[in-house]
2 protein chains.
Amino acid sequence: MFQPTPASLPPKNPTLALRQPKGLPVHFQPLNPLQFILRAAEIYPDKLGLVHPDVKDPVSYSFAVWYGCQRIQNLAYALIQAGIKPGDRVAVIAPNSPLIADAHHGVLAAKAVLCLINTRLKPSEVAFILEHSGSSIILVDHEYVRLLPPNLKVPVVVSKDSGRPGDPYEQFLTNGRTYSQERGWPGLEYQADENSPALLCYTSGTTGRPKGVVTTLRGSYLAAVANAYESRIHQESTYLWILPMFHAGGWTFPWTNITLRTVDYSLIWKHFLNSAVTHYCGAPTVQIGIVNDPAAKPLSRPISAIIAGAAPTASLISSLEQIGIQPIHVYGLTQTLIQYGPFTRNYTQPSWAALSLQDRSKFMARQGHAFATAQDARVVFQPKDENDTELVDVPRDGKTVGEIVTRGNIVMKEYFRDPEATAKAFRGGIFNTGDLAVMHPDGAVAIVDRSKDIIISGGENASSLAIEQELASHPDVLEVSVVARTHVKWGERPHAFVILKTHSINKWKGRHDAFSNELKAYAKPRLPGFACPEWVDVVPELPKTSTGKILKTDLRKIVAKL
Amino acid sequence: MFQPTPASLPPKNPTLALRQPKGLPVHFQPLNPLQFILRAAEIYPDKLGLVHPDVKDPVSYSFAVWYGCQRIQNLAYALIQAGIKPGDRVAVIAPNSPLIADAHHGVLAAKAVLCLINTRLKPSEVAFILEHSGSSIILVDHEYVRLLPPNLKVPVVVSKDSGRPGDPYEQFLTNGRTYSQERGWPGLEYQADENSPALLCYTSGTTGRPKGVVTTLRGSYLAAVANAYESRIHQESTYLWILPMFHAGGWTFPWTNITLRTVDYSLIWKHFLNSAVTHYCGAPTVQIGIVNDPAAKPLSRPISAIIAGAAPTASLISSLEQIGIQPIHVYGLTQTLIQYGPFTRNYTQPSWAALSLQDRSKFMARQGHAFATAQDARVVFQPKDENDTELVDVPRDGKTVGEIVTRGNIVMKEYFRDPEATAKAFRGGIFNTGDLAVMHPDGAVAIVDRSKDIIISGGENASSLAIEQELASHPDVLEVSVVARTHVKWGERPHAFVILKTHSINKWKGRHDAFSNELKAYAKPRLPGFACPEWVDVVPELPKTSTGKILKTDLRKIVAKL
């Protein structure tokens, strides 16, 4: 492993606090997530802060080296040196790696706004975001230079992800080092207004052009507190970065980090077994990959899996629990996971312990209650027309479908330079998520579907999610997605796309029709007639977004042609 | 146990949120500790919220009954009904009991300010506080009616601590019930300004008249978050109220509660062994009582003890750990523990595990680093004169003595109606605690003494705390306190007051002089000559404040007469 040279070591006993803005009352400190990492560097300077092991040039930094002085502070000063002013946007295009981890803190320390760009976007989308965000500088990983448009008018800093001298990004950090050594943290100043922007992340834009979600320093601080508390992440925890950090600032998980450039299940298992991992996040599809990897085996100590993106099925919960992974189901609103991460959490009730796995998993699949520092998560009737802004909660009957609306400190501030979209999202003085859900008698929210995911079959509303939950419990099914397909008699009927488990592929080889019949028969006693799949296709893979969510829009295009 | 009547049960599925103030942005929710209890009632309605077992009329309330609707909401409406307006002060004089627990939430729900009065004060002090705070109503436990001045001009509500019909306090709650049932939580409104006062607690006034410490809703919220996170208090935790709640709002511990009216060690052990207690707080003197109680024995599951008020000695740490109690040493600044509770915490380092108990306890006795949501805890040179407001940090050498200064969200807002004292406390734009300390190379703060606790012996500064730490390690010593006594030759010399352990009382009966010599001989190799006690008195008890801190002022009066 790389050892920093003496010159790059932080000074002894640095002051680990930025300068206070003038004029603030003694009892008021503007909330800022930088405060957490400075505390870590102060209290646990020698603890590993960032480990990036699975690359040609592995690096590992203690909190003192990473946060305490050298890298993050150097980056802040280098940005200022490059002309970045408070409020300017700094674009970052990178997989999980020191560059993007540094930027989460260094950009805030320069009072600038971090604009994170999804590495799976097309060049045209990247060009749109760079233009719309008005980013003043671009920090990019060498693998993604190909995404950049030609003739850029702003400076570009490339990281070879080596951490070694000669790497242009390391050279850029060196520009800041003189200032770090002369002025240290007190040469930088806390942002006085805690409601200033922290991050700018663009929606993936499946419908229309991407929108820039703005989050604040206050919101990031409170979301990070909630994540640490709810996931029980403490000083002895090790968080494995499977979730891409560019996805909503890694949902504000700001602790000890092992960074993986890509989702590689054998690497993940290597770290589960050898790196004292205690926590990770991932969508169900990633979790399915983990439990079905050949290296999977019962763990000697528990790991907590924070699951979001879709509800975990009973079979997934069972598979995770069998090997000692404890699922925590959180929900960040389909559009707004891109904000701060989780907004609700499924809170296990003591009484569930007595239930069968099937029954318990139905409770666990609910999205649950508002997160520790979140405010309302309500389900209201959808507006009758454009002028209808009254919010009326649906009854708590677990049946009546409404829209999830929310407000509070961990809701986005606005869409960047898009007052029209902002006004639409905040119609009625609340954030309208577009997610459809019911409210159970115990106050738990349960998503039914996004409006377009409802299958209207013979006049009945069939939830594609509910159908998927049932089909996923079949022993040969690895993953399943269900969409509406036009039907002459019933209007619409469910069409299921299924990936078989590895050991079941041979079993059904050349007999997909037989499997289709078996799955339909399996569904019959478990679902109402209108919700049973009319068609079943066995497929080798499903189209997915960069964050592992299934692209139902693509599946709908397929069935539209049938 | 008392069961609520059907009429007193909360309605099914109440809305557990107060009305939003008009005009707030969607992304902004004013922080308010009420949010935690409403979440608890929403997510765990049937969980025990408050248990008050050791009285003639025991009661126990679920979160739904306690928080969800009935008691807290009734109290808020009853106060409004009695003419209480936003910002008015509501005085409470009570031991740990449902009255004071209700008031922590119900008073805030009425947008009023909770003025907590120490039950161990003299009637003249209580009269001063009632007058100075301008309290508009007094809620008082029957045992403390005797503290009230005659001819009060404000209404008084007495609780018999019975929870039964006919109890005047229960009757008062009934006044609010009609409104609770008609309007529920949405009939009340959140305070729009999170910097509004929440609590008003008076200093004990050992020097001059008591001062009213004002804390805010924002500060209470952030201090409660930090307490829950740092102490790892979660939904399955049970907190035993040994610490008086009137002491700084119970340091904002807002979770499942078992309330004890008095510190009774046999009751404490009953709950340790039978009530699934997981957490409690107490000063070292209380901890000493706990480990030395005849009922003390190794626990089958660990309990976390949050220790404040003074540093735990090596022998105390060892005694606690031997029976399975995990000490967490926190520090709330001598004057300002009355604010929100802990401001710093001792963070155990992995490397300490290899140390001997004696060496480890020296590290554990340090006050440590700033708390999760606290900001700076610095040690600066004391001002040369009144015009010297420059803050210069002492070197991190573990030797140079300076004053602890702090700022941030969990520092008090002001002294109530006392701009002069406020200005003095905030001199230099920071809160001056008056506590003397050194800063260790690792950034940990360690209190030396309050200025007046330093013993100037032959021109050398001897820390009475350091002397006490050493003497407490003698096997016959239960508790010890050291003060300065005038000495012809050396100016001052240490005088130690010692309580013997139960099993050592007979051993030294009639031979206190011999014990005195033995303790002096014990000290000699362990302390510098100027710090060795010149006099040792064996005493049956030590004078203490209501919160268990030793009253050195009283000991000084004793030695002044010798």
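Tabulated data for the structure shown
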| read-out | value |
| --- | --- |
| Pair list, Cβ under 8 Å, 6 or more apart: segment B:157-172 residue free of Cβ contacts under 8 Å to residues at least 24 places away in the same chain, other residue surrounded by fewer than 18 Cβ atoms within 10 Å (Cβ to Cβ) and of a type in the set (A, V, I, L, M, F, W, C) | B:VAL158/B:VAL145 |
| Candidate set from segment B:422-433 (those that are crowded, with 18+ Cβ neighbours inside 10 Å and of a type outside the set (Ser, Thr, Tyr)); member that is farthest from B:CYS201 (Cα to Cα) | B:ILE430 |
| Members of segment B:526-545 that are closer than 30 Å to B:LEU116 by Cβ and in contact with a Ser or Thr (Cβ under 7 Å, 6 or more places away or on another chain) | B:LEU542, B:LYS544, B:THR545 |
| Residue in segment B:511-525 that is among the acidic types (Asp, Glu) and in contact with a Ser or Thr (Cβ under 7 Å, 6 or more places away or on another chain) present | no |
| Only one of A:HIS495, A:HIS512 that is touching a strand residue (DSSP E or B) at 6+ places or on another chain (Cβ under 6 Å) and buried (at least 16 other Cβ atoms within 10 Å of the Cβ) | A:HIS495 |
| Residue check, B:GLY134 in contact (Cβ under 8 Å) with a residue 24 or more places away in the chain and surrounded by fewer than 22 Cβ atoms within 10 Å (Cβ to Cβ) | yes |
| Subset of segment A:305-326 [at pLDDT 85 or above and either among the hydroxyl-bearing types (Ser, Thr, Tyr) or within 16 Å of the chain's Cα centre (by Cα) (or both)] | A:ALA305, A:ILE306, A:ILE307, A:SER318, A:SER319 |
| Within segment B:206-240, considering residues that are within 12 Å of chain A (Cβ to nearest Cβ) and of a type in the set (Val, Ile, Thr), the one farthest from B:LEU114 (Cα to Cα) | B:ILE233 |
| Restricting segment A:421-438 to residues that are within 9 Å of chain B (Cβ to nearest Cβ) and either modelled with pLDDT under 85 or outside any loop (DSSP other than H, G, I, E, B) (or both), the residue that is farthest from A:ARG396 (Cα to Cα) | A:ALA425 |
| Options A:LYS362, A:LYS297; residue that is assigned to a helix (DSSP H, G or I) and either away from chain B (no Cβ under 14 Å) or touching a residue at least 12 places away in the same chain (Cβ under 8 Å) (or both) | A:LYS362 |
| Residue count for segment B:73-98, restricted to those that are within 22 Å of B:TYR144 (Cα to Cα) and β-branched (Val, Ile, Thr) | 3 |
| All positions within segment A:213-235 that are surrounded by fewer than 22 Cβ atoms within 10 Å (Cβ to Cβ) and of a type in the set (Phe, Trp, Tyr) | A:TYR229 |
| Verdict on B:VAL145 being among the β-branched types (Val, Ile, Thr) and not in a strand (DSSP E or B) | yes |
| Odd one out for A:LYS399 among (1) away from every other protein chain (no Cβ under 12 Å); (2) closer than 17 Å to A:ALA370 by Cβ | (2) |
| Residue that is nearest to the chain's Cα centre (by Cα), among those in segment A:539-562 that are aliphatic (A, V, I, L, M) and under 20 Å from A:HIS487 (Cα atoms) | A:LEU555 |
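The values are calculated or read from the model by the stated rules, or taken from the named source; none is laboratory data. The model shown is predicted, which means the values in this text are computed figures rather than measured ones. Reconstructed Cβ throughout: ideal geometry from the backbone, glycine too, with neighbour counts over all protein chains shown.
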